[in-house]
Amino acid sequence: MRVSIDKSSIKGEVLAPPSKSYTHRAVALAALSKESTVRHPLISADTLATVRASEMFGASVEREEDKLIIHGINGKPNVPDDVIDAANSGTTLRFMTAIAALTDGVTVLTGDASLRTRPNGPLLEVLKRLGVKACSTRGNERAPLVVKGGLKGKDVSIDGSISSQFISALLITCPLAENSTTLSITGKLKSRPYVDVTLEMLELAGIKVHIDESKGIRFIIPGKQKYDFKDYTVPGDFSSTSYLLAAAAMTNGSEVTVKNLFPSKQGDKVIVEILKQMGADITWDKEAGNVTVRGGRQLKATTFDAGATPDLVPTVAVLAAVAEGTSRIENAEHVRYKETDRLRALATELPKLGVDLKEERDSLTITGGKLHGAAVHGWDDHRIVMALSIAGMVAGNTTIDTTEAVSISYPGFFKDMCSLGAKIKDISEE
Ligand SMILES: O=C(O)C1=C[C@@H](OP(=O)(O)O)[C@@H](O)[C@H](O)C1
Ligand SMILES: C=C(OP(=O)(O)O)C(=O)O
């Protein structure tokens, strides 16, 4: 799909889409329990990959109006009768690779061309040390992956600098091992808030994990635990919301309220602080769960450490492109291991819109200025498409391809933007 975007301002109220990260975890934890209801789930390509994988391990999932009723496998996954296809979803691949370690047989997991380029080395290494046979068919740590069950608890360490999803995956699976596991983190843990989201959800499922942060980070996970995840309502997603808030902040005459945004463990709620610090007119009523942004102020440059919140990088890069002065996005190497190498994607596409940008291995330096329209490529990556879309609302006269990628995390993105008055047209047929 291709869209054209003209200069726009946006006005009105919109409901934040449900959180992708919380939905993945709710479904996985429900699948490991007996019976659960997940209310207000995100139904998107990525979360549906987790639903399908859970079904292949033996769970059954009934989809009703704004809820999923999940009949789980009570801690014992079946050997899947086919290959698990995690599609475009890193979270699904990593979580399900660890869950495969609990079966009595062999599981093969794969994904689309993008997912088959993403690293899994630290997860495979730790699974092997925990008694599991785990390898990549191509011997390069990338999917397709083959996992033969047999998980035993043990003391192990894992590199936390590539993806926190390996750690979340082990935190979900190790409570079901016979013995206890101690997981020590080596390297600088990236994306820490996602581990905290996992721990919050595990607690709701009645799972105990002790954390020792006296010397580095160590998770102590007792074995032989039982999952008891029951009734859960998914909160709004701050990563998806970041595009709405940033678009309103960057465009004159805009005034947008995004609803269902309550405080939670999501690291990406920091977008509210980033916008405030850049000079945007933004307020968050935490009791009501409303974030309101009024556009029209000149934004100022910022320095953004992406270590904990990599998914905000495309949004912050676009904000930096219209801000006064030179911004730095730092500590961002792990952003290269996503659906695409997002630093490369931004460094390729934003200059087409007139942005002055310098790319280094783990940073972007962006000097703000006036944007002009161009034909840009969405890289089949939902966050690149959404970030370029809001840049297009400032630049005008912009076209973007591969825009169907928004179905990964925010299928209603264009509908919501258009309902707020954005000038976006589907030009796939032209
Ligand atoms: O656990 C999660 O839900 C996620 C963790 C993050 O990945 P990394 O831990 O690989 O940085 C984030 O980028 C991804 O969108 C979702
Ligand atoms: C990187 C992302 O997700 P995942 O790792 O689950 O593919 C994302 O949503 O930006």
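The values are calculated or read from the model by the stated rules, or taken from the named source; none is laboratory data. The model shown is predicted, which means the values in this text are computed figures rather than measured ones. Heads up, the Cβs are rebuilt from the backbone with ideal geometry, glycines too, and the neighbour counts pull from every protein chain shown. Heads up: the accessible areas ignore ligands, DNA and RNA and are worked out on the full protein's heavy atoms, side chains in. Shrake-Rupley method; radii C 1.70, N 1.55, O 1.52, S 1.80 Å.
Taking all protein chains as present, what is the carbon and sulfur share of the accessible area of the chain, in % to the nearest whole number, probe 1.4 Å? Numbers along the way, then the final one.
Values: 7660 of 15890 Å².
Exposed carbon and sulfur together represent 48 percent of the surface.
Using r as the Cβ-Cβ distance of LYS226 and LYS370, and R0 as 56 Å, what FRET efficiency do you calculate, to the nearest 0.05? It comes out at approximately 0.40.
Using the Cβ of ILE427 as centre and a radius below 11 Å, the other residues enclosed give a net charge of -2, where K and R count +1 and D and E count -1. If R0 is taken as 25 Å, the Cβ-Cβ distance between ARG39 and LYS300 corresponds to a FRET efficiency of 0.05. As a length-normalised measure over Cα pairs under 8 Å and 6 or more apart, the relative contact order of the chain settles at 19 percent.
Highest GNM mean-square fluctuation, the chain, Cα pairs closer than 10 Å: which of THR182, THR47, THR403? Taking springs between Cα atoms under 10 Å, the residue moving most is THR182. Annotation for region 1-15 versus region 353-430: alpha-carbon center distance of 11 Å. Taking only the alpha-carbon positions of the chain and ignoring solvent, what does the Debye formula give for the base-10 log of I(q)/I(0) at q = 0.09 Å⁻¹? Rounded to two decimals, the profile gives -0.54. Here the chain is treated with +1 on each Lys and Arg Cβ and -1 on each Asp and Glu Cβ, and its dipole about the Cα centre works out to around 860 debye.
Please report, to one decimal in angstroms, the Kirkwood hydrodynamic radius of region 175-272 built from all distinct Cα-Cα pairs.
For region 175-272, inverting the mean 1/r across all distinct Cα pairs yields 16.2 Å.
Cross-link partners of LYS148 among aspartates and glutamates, defined as those whose alpha carbon lies under 18 angstrom from its own and excluding same-chain residues fewer than eight positions apart: ASP81, ASP82, ASP85, ASP104, GLU125, GLU178. Between ASP155 and ASN140, the simple label model (points 7 Å from Cα in the Cβ direction) yields a spacing of 3.7 nm. Remind me, relative contact order of region 303-408 in percent, using alpha carbon pairs under 8 angstrom and six or more residues apart? Across region 303-408, relative contact order equals 25 percent. Per-residue accessible area (protein heavy atoms, 1.4 Å probe) orders VAL61, VAL234 as VAL61, VAL234, starting from the largest.
State in Å² the accessible area per residue of the chain; use a 1.4 Å probe, count heavy atoms of protein chains only, and round to the nearest integer.
On the way: 15890 Å² over 430 residues.
Dividing the accessible area of the chain by its residue count gives 37 Å².
Computed over the chain with a Gaussian network model linking Cα atoms closer than 10 Å, the most mobile of GLU360, GLU287, GLU255 is GLU287.
Stokes-Einstein diffusion coefficient for region 20-233 at 10 °C in a medium of 1.306 mPa s, Rh from the Kirkwood formula over Cα pairs: what value in µm²/s? Write out the running numbers ahead of the final one.
On the way: Rh = 16.7 Å.
Answer from the Stokes-Einstein relation: 95 µm²/s.
Segment LYS128..ARG344, full-extension length gain: 74.5 nm, with 0.36 nm per residue of separation and the alpha-carbon distance subtracted.
Using the reciprocal of the averaged 1/r over all distinct C-alpha pairs, how large is the Kirkwood radius of region 258-316 in Å? Result for region 258-316, one decimal place: 12.3 Å.
Between region 168-219 and region 27-97, what is the separation of their alpha carbon centroids in Å? Answer, in whole Å: 21. Considering all C-alpha pairs of region 220-363, those separated by over 28 Å amount to 26%. Once the Cβ-Cβ distance of ILE69 and GLU430 is raised to the sixth power relative to R0 = 60 Å, the FRET efficiency obtained is 0.90. Beta bridges from DSSP with both residues in the chain: antiparallel share about 70 percent, rounded to the nearest 5.
Taking all protein chains as they are arranged and a probe of 1.4 Å, the heavy atoms of GLU13 leave approximately 120 Å² accessible to solvent. Given region 162-215 reduced to its alpha-carbon atoms as identical point scatterers, what log10 I(q)/I(0) does the Debye formula return at q = 0.21, 0.22, 0.23 Å⁻¹? The computed values of log10 I(q)/I(0) come out as -0.83, -0.91, -0.99.
Taking label positions 7 Å along the Cα-Cβ direction at both ASP81 and MET1, the computed distance is 3.4 nm, reported to one decimal.
Calculate, in nm to one decimal, what GLU62 and THR117 gain on full extension: separation in residues at 0.36 nm each, minus their alpha carbon distance. Intermediate values should be presented prior to the final figure.
On the way: separation 55, 0.36 × 55 = 19.80 nm, distance 3.23 nm.
Taking GLU62 through THR117 to full extension adds about 16.6 nm, to one decimal.
Provide the three semi-axes, in whole Å and in decreasing order, of the ellipsoid equivalent to region 331-430 as defined by the square roots of 5 times the Cα gyration tensor eigenvalues. Intermediate results must be reported in sequence, preceding the final value.
Details: eigenvalues 103, 56, 25 Å².
Semi-axis lengths for region 331-430 are 23, 17, 11 Å.
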